[in-house]
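Asker: There's a structure below that I have some questions on.
The values are calculated or read from the model by the stated rules, or taken from the named source; none is laboratory data. Predicted, not measured: the structure shown is a model, and the values here were computed from it. Neighbour counts are summed over all protein chains in view; Cβ atoms, including those assigned to glycine, are modelled from backbone coordinates with ideal geometry. Protein only, heavy atoms only, side chains kept; ligands, DNA and RNA dropped before computing areas. Shrake-Rupley method; radii C 1.70, N 1.55, O 1.52, S 1.80 Å.
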Amino acid sequence: MQGLGELETAVMEVLWRDPGPQRVRDVLDALNTERDLAYTTVMTVLDNLHRKGWVSRERDGRAYRYVATRNREDAVANALRALLDSAKDPESVLLRFARSVSPRESEVLRRALDDTAADQ
């Protein structure tokens, strides 16, 4: 994801999989099926994500419960937008991307463009 490190992205994936409020321990347990992370590491990552605006948090006793503030689809769309904006020739990149999509994706894009044109 744009602006996120590898571990931050992994934490966001956990929060997106289970969108209910989660404690640091919940996130740690989900991540430790593939990694061996310390509680304080995950706590720091969640604190950084909160500071960046990717998660909100509420007190639950002495701990916090965290929730993603944006969904995966918006995050990916924003990352794609940033990549396109960073290209020297964004129109060429967009055309190459459009030519690479599947028939189903092409239909989705057509409907979205039709909806956008109808709204204007």
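Asker: Calculate, for the chain, the solvent-accessible area per residue in square angstrom, rolling a 1.4 angstrom probe over the heavy atoms of the protein chains.
Answerer: Computed with neighbouring chains in place, this is 71 Å² per residue.
Asker: If I fit a long axis through the Cα atoms of helix 6-17 and take the longest principal axis of the Cα atoms of the chain, what angle between them do I get, 0 to 90°, rounded to 10?
Answerer: 90 degrees
Asker: Here's a follow-up. Quick one: angle between helix 103-119 and the longest Cα principal axis of the chain, in degrees between 0 and 90, rounded to 10, please.
Answerer: The angle comes out near 80 degrees.
Asker: Where in the stretch 1-23 does the amide nitrogen come within less than 13 Å of the point 7 Å from the Cα of Leu83, taken along Cα to Cβ?
Answerer: Residues 1-3 qualify, since their backbone N sits under 13 Å from the label point.
Asker: In degrees from 0 to 90, rounded to the nearest 10, what is the angle of the helix 39-52 Cα long axis to the longest principal axis of the chain?
Answerer: With rounding to tens, the tilt is 40 degrees.
Asker: Pull out a ≥ b ≥ c, the square roots of the eigenvalues of the alpha-carbon gyration tensor of the stretch 1-44, then state rounded if a/c is under 1.5, prolate if not and a/b is larger than b/c, and oblate in the remaining case.
Answerer: Oblate shape, in that a/c is at least 1.5 and b/c is the bigger or equal ratio.
Asker: Now a separate question. Quick check on packing: order 42-49, 62-69 by the mean number of other C-beta atoms within 10 Å, highest mean leading. Mind dumping the intermediate values first?
Answerer: On the way: 42-49: 19.1, 62-69: 15.6.
Final packing ranking: 42-49, 62-69.
Asker: Counting helices only, and only those DSSP H runs with n ≥ 4, report the 222 nm mean residue ellipticity of the chain as the sum of -39,500 (n - 2.57) divided by its residues, in deg cm²/dmol to the nearest 500.
Answerer: -20500 deg cm²/dmol
Asker: Per the Debye formula with a single identical scatterer at each Cα and no solvent contribution, what log10 I(q)/I(0) holds for the stretch 13-102 at q = 0.21 Å⁻¹?
Answerer: -0.97
Asker: Would you mind computing, in nm to one decimal, how far apart the modelled labels at Glu107 and Arg72 are, each placed 7 Å from Cα along Cα→Cβ?
Answerer: 2.3 nm
Asker: Using a 1.4 Å probe on the protein heavy atoms, what percent of the accessible area of the chain belongs to carbon and sulfur?
Answerer: Roughly 50 percent, rounded to a whole number.
Asker: Which net charge results when you count Lys and Arg as +1 and Asp and Glu as -1 among the other residues whose beta-carbon is under 13 Å from that of Leu28?
Answerer: Summing Lys and Arg as +1 and Asp and Glu as -1 gives -1.
Asker: Moving to a separate point now. May I ask you to evaluate 6.51 cos²θ - 1.76 cosθ + 1.60, the Karplus curve with θ = phi - 60°, for each residue of the stretch 20-33 and list the ³J(HN,Hα) values in order in whole Hz, giving x for glycine and proline?
Answerer: So the J values, rounded to whole Hz, are x, x, 10, 7, 3, 4, 4, 5, 4, 4, 5, 6, 6, 6.
Asker: Give the dimensionless ratio obtained when the Cα radius of gyration of the stretch 51-101 is divided by 2.2 N^0.38 Å.
Answerer: Numbers: Rg = 17.4 Å, N = 51, 2.2 N^0.38 = 9.8 Å.
That works out to 1.77 for the stretch 51-101.
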